[in-house]
1. Given the conditions (1) without any contact (Cβ under 8 Å) to a residue 60 or more places away in the chain; (2) surrounded by 17 or more Cβ atoms within 10 Å (Cβ to Cβ); (3) farther than 23 Å from residue 128 by Cα, which single one is not true for residue 76?
2. Please find, among 8, 54, 39, 12, the residue that is more than 15 Å from residue 135 (Cβ to Cβ), assigned to a helix (DSSP H, G or I) and at pLDDT 90 or above.
3. Among 105, 80, which is modelled with pLDDT under 90, touching a helix residue (DSSP H, G or I) at 6+ places or on another chain (Cβ under 6 Å) and in a helix (DSSP H, G or I)?
4. Has the range 96-111 got any residue that is more than 19 Å from the chain's Cα centre (by Cα), in contact (Cβ under 8 Å) with a residue 40 or more places away in the chain and more than 18 Å from residue 46 (Cβ to Cβ)?
5. Within the range 21-59, track down each residue that is farther than 24 Å from residue 104 by Cβ, surrounded by fewer than 23 Cβ atoms within 10 Å (Cβ to Cβ) and either over 12 Å from the mean Cα position of the chain (by Cα) or without any contact (Cβ under 8 Å) to a residue 40 or more places away in the chain (or both).
């Protein structure tokens, strides 16, 4: 139990997928304009990364390793992730039109989000068991959600501030993300 807790804290805070590994920056910077949209993207990413962690572990363990074709790992993992994202997209289109419209092009980009693929590959390369891989995937996605929601909240607040012309737009967002990365570095002492 202690090991699972350490994996979860490490994945969510210490080794945050966005702020320390720099994976998944496209949706992180693109969807973080409003907290509601960022939370919706975070929810979609939590679902996709958690389920893909489980499915890719099963496929890797029972199919790829059994047949000695682990060199096909990346291609198989991308296909699994693409199928899961299509499921999420169809679900949101049917049950949450507003969120589907707000996420726009960033929802299909979860398919190519390197954070999702990175978690699947790192779970396989670290030799995690099924439960540990599931916890790692979920915690990584929660860390992504925490990061994107915090950035969205800050962006909503700085929208009304007097920012020098050279820092308006994406430059101030990148400075903010850098400061967040420094702040998250403080969690390194937890584990």
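The values are calculated or read from the model by the stated rules, or taken from the named source; none is laboratory data. Worth saying up front: this structure is predicted, and the values here are computed from it rather than measured. Methodologically, a virtual Cβ is constructed for each residue, glycine included, from the backbone with ideal geometry; neighbour enumeration extends over all protein chains shown.
1. So the condition that residue 76 fails would be (3).
2. On the way: 8 fails: more than 15 Å from residue 135 (Cβ to Cβ); 54 fails: more than 15 Å from residue 135 (Cβ to Cβ); 12 fails: more than 15 Å from residue 135 (Cβ to Cβ).
After applying the criteria, what remains is 39.
3. Exactly one residue qualifies, and that residue is 80.
4. Taking the range 96-111 first, the residues more than 19 Å from the chain's Cα centre (by Cα) are 96-98, 101.
Right, trim to in contact (Cβ under 8 Å) with a residue 40 or more places away in the chain and you get 96.
With the extra rule that they be more than 18 Å from residue 46 (Cβ to Cβ), the set shrinks to none.
The answer is no; no qualifying residue exists.
5. Step one: of the range 21-59, the residues farther than 24 Å from residue 104 by Cβ are 21, 53-59.
Now restrict to residues that are surrounded by fewer than 23 Cβ atoms within 10 Å (Cβ to Cβ): 21, 54-55, 57-59.
Those that are farther than 24 Å from residue 104 by Cβ, surrounded by fewer than 23 Cβ atoms within 10 Å (Cβ to Cβ) and either over 12 Å from the mean Cα position of the chain (by Cα) or without any contact (Cβ under 8 Å) to a residue 40 or more places away in the chain (or both): 54, 55, 57, 58, 59.
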